[in-house]
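The values are calculated or read from the model by the stated rules, or taken from the named source; none is laboratory data. Everything numeric here is computed off the predicted structure, so don't read it as measured data. Heads up, the Cβs are rebuilt from the backbone with ideal geometry, glycines too, and the neighbour counts pull from every protein chain shown.
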Amino acid sequence: MRAALAVQQVTTSQDHNLQELTSSMRRAAALGADLVMFAEAAFTGLANDDDPEHDAALATTVDGALVRAVCAEAERLRVHVALGFLEQDGGRLYDSALLIDRSGRAVFRYRRVSPGWHGPYADARFYGEGRHVDCFNAEFGRVAFLVCGDLFDDRLVDEIHRERPGLLLVPFARALSGGGHDQQRWDREELPQYEARVRRAATPALLVNYLDEDYVGGAMVIGADGSRKESLPLGQAGILMVDLYS
């Protein structure tokens, strides 16, 4: 089982982001990837500003054109894809994650439960959250998602610990206060927190952050014991290839 953790430079153009995403899929497939994973809100970044009219334009549906394009490429390349996206459904907006199988079907959707992706006064009639953790029996094993701040919610992490999926997928968006892509600061201040949370979940995890002027990028594999196994440096686009299990 080979996984490709793809960090891409996210721009304001959804078309450009889609092109970069599918290009990363092709490179990963050429390297023998079975699963290609992207960050939270991979089509747009977290460019939402709590204005429903503005934010609705950032979203797509599970059967929308952006997702359909990724599904078609997954089928063509015969790879699984995991990514975060801003989802519109039933007149509401969600910070969601999606697993697409190698036949190009969207087989598992998860909606972020923690509300930190929008402001505390955002209209609750429009901005929505999921309620709990789900697991899915994928071709390559039992998996679960947590999106970004969900990893720092004790209830959700403890649900992962009880459910014990074989793999935890964490698309996220994280910037350093004050800006910059300081690797030493990340390793000193931020990484230990992520390691501790995965250790509490007791489940090996793949984590992918997106990259722009504010968000630092980077990708990590953290073992069930909370130790970082492999990582991609901050501040650069690229693909981290990891062999998980045969």
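Does any residue in segment 111-138 that is crowded, with 17+ Cβ neighbours inside 10 Å come within less than 6 Å, Cβ to Cβ, of a residue that is hydroxyl-bearing (Ser, Thr, Tyr) six or more places away or on a different chain, and which pairs are these?
Qualifying pairs under 6 Å: ARG111/TYR94; ARG111/SER96; HIS118/TYR127; GLY128/TYR94.
Failed condition for ASP50, given (1) in contact with a His (Cβ under 9 Å, 6 or more places away or on another chain); (2) surrounded by fewer than 21 Cβ atoms within 10 Å (Cβ to Cβ); (3) without any contact (Cβ under 8 Å) to a residue 40 or more places away in the chain, with all others met?
Of everything listed in (1) in contact with a His (Cβ under 9 Å, 6 or more places away or on another chain); (2) surrounded by fewer than 21 Cβ atoms within 10 Å (Cβ to Cβ); (3) without any contact (Cβ under 8 Å) to a residue 40 or more places away in the chain, ASP50 misses just condition (3).
Tell me, which residue of segment 58-82 that is in a loop (DSSP other than H, G, I, E, B) and surrounded by 14 or more Cβ atoms within 10 Å (Cβ to Cβ) is farthest from the chain's Cα centre (by Cα)?
GLY64
Tell me which of these HIS181 doesn't satisfy, since it passes every other one: (1) farther than 15 Å from LEU151 by Cα; (2) assigned to a strand (DSSP E or B); (3) not basic (Lys, Arg).
(2)
Inside segment 44-70, can you point out the residues that are within 24 Å of ASP101 (Cβ to Cβ) and among the polar types (S, T, N, Q)?
The first filter runs over segment 44-70 and keeps only residues within 24 Å of ASP101 (Cβ to Cβ), leaving 44, 59-70.
The answer is THR44, THR60, THR61.
Give me the residue from segment 183-214 that is surrounded by 14 or more Cβ atoms within 10 Å (Cβ to Cβ), closer than 30 Å to THR12 by Cα and of a type in the set (D, E, K, R) and, out of that set, farthest from the chain's Cα centre (by Cα).
If we take residues in segment 183-214 being surrounded by 14 or more Cβ atoms within 10 Å (Cβ to Cβ), closer than 30 Å to THR12 by Cα and of a type in the set (D, E, K, R), then ARG185 is farthest from the chain's Cα centre (by Cα).
Listed here are the residues, each with its yes/no results for (1) among the β-branched types (Val, Ile, Thr); (2) farther than 26 Å from GLY218 by Cβ; (3) part of a loop (DSSP other than H, G, I, E, B).
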residue: LEU93; (1), (2), (3): no, yes, no
residue: LEU98; (1), (2), (3): no, no, no
residue: TYR110; (1), (2), (3): no, no, no
residue: PRO115; (1), (2), (3): no, no, yes
residue: ARG131; (1), (2), (3): no, yes, yes
residue: LEU156; (1), (2), (3): no, no, no
residue: LEU169; (1), (2), (3): no, no, no
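Does ARG92 satisfy being of a type in the set (Lys, Arg), over 24 Å from GLU75 (Cα atoms) and crowded, with 19+ Cβ neighbours inside 10 Å? Working first, answer last.
On the way: of a type in the set (Lys, Arg): yes; over 24 Å from GLU75 (Cα atoms): yes; crowded, with 19+ Cβ neighbours inside 10 Å: no.
No.
Out of the residues in segment 28-42 that are more than 12 Å from TYR210 (Cβ to Cβ) and surrounded by 16 or more Cβ atoms within 10 Å (Cβ to Cβ), state the one that is nearest to the chain's Cα centre (by Cα). Walk me through it before giving the result.
First, pick out the residues of segment 28-42 that are more than 12 Å from TYR210 (Cβ to Cβ): 28-36.
When the remaining residues are screened for being surrounded by 16 or more Cβ atoms within 10 Å (Cβ to Cβ), the result is 28-29, 33-36.
Working: ALA28: 16, ALA29: 19, ALA33: 17, ASP34: 17, LEU35: 13, VAL36: 11 Å.
Here the residue is VAL36.
What are the pairs, 6+ residues apart or on separate chains, where a residue within segment 1-30 that is over 14 Å from LEU83 (Cβ atoms) has its Cβ under 8 Å from a residue that is of a type outside the set (A, V, I, L, M, F, W, C) and surrounded by fewer than 16 Cβ atoms within 10 Å (Cβ to Cβ)?
Pairs found: MET1/GLY141; MET1/ASP243; MET1/TYR245; MET1/SER246; ARG2/GLY32; ARG2/ASP243; ALA29/ARG78.
Checking SER23 against (1) surrounded by 15 or more Cβ atoms within 10 Å (Cβ to Cβ); (2) of a type in the set (Gly, Ala, Ser); (3) modelled with pLDDT of 95 or more, which single condition isn't satisfied?
In the conditions (1) surrounded by 15 or more Cβ atoms within 10 Å (Cβ to Cβ); (2) of a type in the set (Gly, Ala, Ser); (3) modelled with pLDDT of 95 or more, SER23 misses (1) alone.
Six or more apart or on different chains, Cβ under 7 Å: which pairs go from a residue in segment 175-199 that's within 22 Å of VAL157 (Cβ to Cβ) to one that's part of a helix (DSSP H, G or I)? Could you list them?
These pairs meet every condition: ARG197/LEU151; ARG197/PHE152; ARG197/VAL157.
Table: residues versus (1) of a type in the set (Phe, Trp, Tyr); (2) in a strand (DSSP E or B); (3) touching a helix residue (DSSP H, G or I) at 6+ places or on another chain (Cβ under 9 Å).
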site: GLN193; (1), (2), (3): no, no, yes
site: ARG197; (1), (2), (3): no, no, yes
site: ARG200; (1), (2), (3): no, no, yes
site: LEU206; (1), (2), (3): no, yes, no
site: GLU213; (1), (2), (3): no, no, no
site: MET220; (1), (2), (3): no, yes, yes
site: ASP225; (1), (2), (3): no, no, yes
site: SER231; (1), (2), (3): no, yes, yes
site: LEU234; (1), (2), (3): no, no, yes
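Take the conditions modelled with pLDDT of 95 or more and farther than 27 Å from LEU167 by Cα and apply them to PRO52. Does it pass? Step through it out loud before you land on a result.
Numbers: modelled with pLDDT of 95 or more: yes; farther than 27 Å from LEU167 by Cα: yes.
Yes; evaluated as a whole, the condition is true for this residue.
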